[in-house]
Amino acid sequence: MILPLEQTFDRIRSHVPGALVTPGAWESVLGAARRLPPALSCAYLECRLGPDAAEVDLGASVMAAERPILLAARPTGLPSSGEEATIWGRVQELARVWTEPASPLHARVPVMWLEFDSGEITRGRLMPSVLLCVDPSLPKGAASPDAIGHGLADCAPSLQAALSALSSEPLAPAARADLHRCFEALPAGGRIVHVGFMVTRRPTVLKLFAAMDREQVLDYLGAIRWPGSLAEAASLVDTLGAGPDTFRVDLTIGETLLPRLGLEFASRRGADPDRRALIDRCVEHGICTPEKRDALISWPGSKREVIPGYARAVRLSRWIDMKIVHRPPEPLEAKAYLGFMLHLSLL
């Protein structure tokens with residue numbers, strides 16, 4: 001059991017480093033978190049690591065068991081009409097489809113993330129993008145990835161169901177062809193882990209997160225006809241991708257596949273030498289400040305908490321995921337995702 005997001009925010013504040021989250025950014029994400037339905041529990045703060053980069057986005061998850069709560073509740077203070085109300089209507093339609101046992105989403109999607117950009121939450125608006133986990137093996141204790149199909153035929157029904165709920169516009173033929181190619185070109189052992197729907201964009205922009213081994217990345221980018229520079233991608237993988245054997249390739253499809261490329265590194269809990277080495281390389285390349293590096297190193301941990309009304313032990317867990325974004329002609333950007341949740345624990 002994971003506990004409500006508002007209770008988590010009440011207890012995480014003392015751990016949030018000011019070098020990564022300014023007081024103003026904290027007040028914005030806290031205000032957004034307090035408005036969200038109680039279905040959302042696990043969360044992260046998305047922080048930019050470069051100098052003078054103070055924006056902080058908010059992400060929060062809905063586990064499969066929490067689907068009925070999301071379906072029944074909307075954010076507090078939501079307008080009765082307008083763009084914000086329309087988007088939440090689509091999110092709730094997706095929750096309704098996800099709840100139906102006959103829907104392809106029901107068994108395929110173990111968790112959904114709602115992501116809120118800093119610009120919108122600073123204005124007091126909750127305009128989520130939706131990120132679906134399409135790998136049922138991903139949650140801890142689930143089936144092995146090898147026991148589950150990860151091809152286009154396995155995932156397409158879920159993607160179509162999600163698009164139908166979230167967007168009134170079908171994918172353009174070129175975008176659909178690129179999407180299919182991203183699945184069909186997956187290397188041995190590779191899989192699409194998450195698919196994101198940026199429903200505030202016109203047309204809807206898709207984000208794909210493909211897990212694969214480091215040595216498979218360049219051949220995969222060539223096979224999907226990625227429009228960026230393979231030489232620049234090779235340099236990115238060689239200089240900042242050293243360390244973990246497997247990471248996620250972050251791709252973006254608008255009207256077509258875009259040259260934006262992200263490398264996402266999911267960290268192990270607790271001490272992680274690869275994570276520390278990656279942060280140090282980001283400092284060496286000027287995409288992370290030393291102050292933010294020190295703040296990142298202090299973030300991961302776990303602490304027992306006492307919450308009135310809960311007889312069992314509660315633990316506050318904190319972890320980091322990292323991403324390097326290549327978006328020509330802009331300079332490289334490093335991001336950190338400060339993950340946290342309150343959960344019942346035996347210890």
Dividing the convex hull volume of the Cα atoms of segment 168-248 by its residue count, what figure in Å³ per residue is obtained? 107 Å³
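Over all alpha-carbon pairs in segment 44-131, figure out the percentage whose distance exceeds 16 Å. Don't skip to the end; give the middle numbers.
Details: 2225 of 3828 pairs.
Every Cα pair in segment 44-131 considered, those over 16 Å come to 58 percent.
Rounded to whole Å and sorted largest first, what semi-axes of the equivalent ellipsoid does the C-alpha gyration tensor of the chain yield via the square root of 5 times each eigenvalue? Don't skip to the answer; put the middle values down first.
Numbers: eigenvalues 160, 139, 82 Å².
Semi-axes from the Cα gyration tensor: 28, 26, 20 Å.
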So which cysteines in the chain don't have a second cysteine's C-beta under 4.7 Å from them? Cys42, Cys47, Cys133, Cys155, Cys182
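If you average the sequence gap of Cα pairs under 8 Å that are 6 or more apart and divide by the length of the chain, what percent do you get for the contact order?
On the way: 662 pairs, mean separation 62.5, N = 347.
RCO, the chain: 18 percent.
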So what's the back-of-envelope 222 nm ellipticity for the chain, counting only DSSP H runs of four-plus at -39500 (n - 2.57) apiece and dividing by all residues, rounded to 500? -10000 deg cm²/dmol
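Every number here is computed from the coordinates shown, using simple stated rules; none is lab data. Values in this document were obtained by computation on a predicted structure and should not be read as measured data. For neighbour counting, all protein chains shown are included, and Cβ atoms are generated from backbone atoms with ideal geometry for every residue, glycine included.
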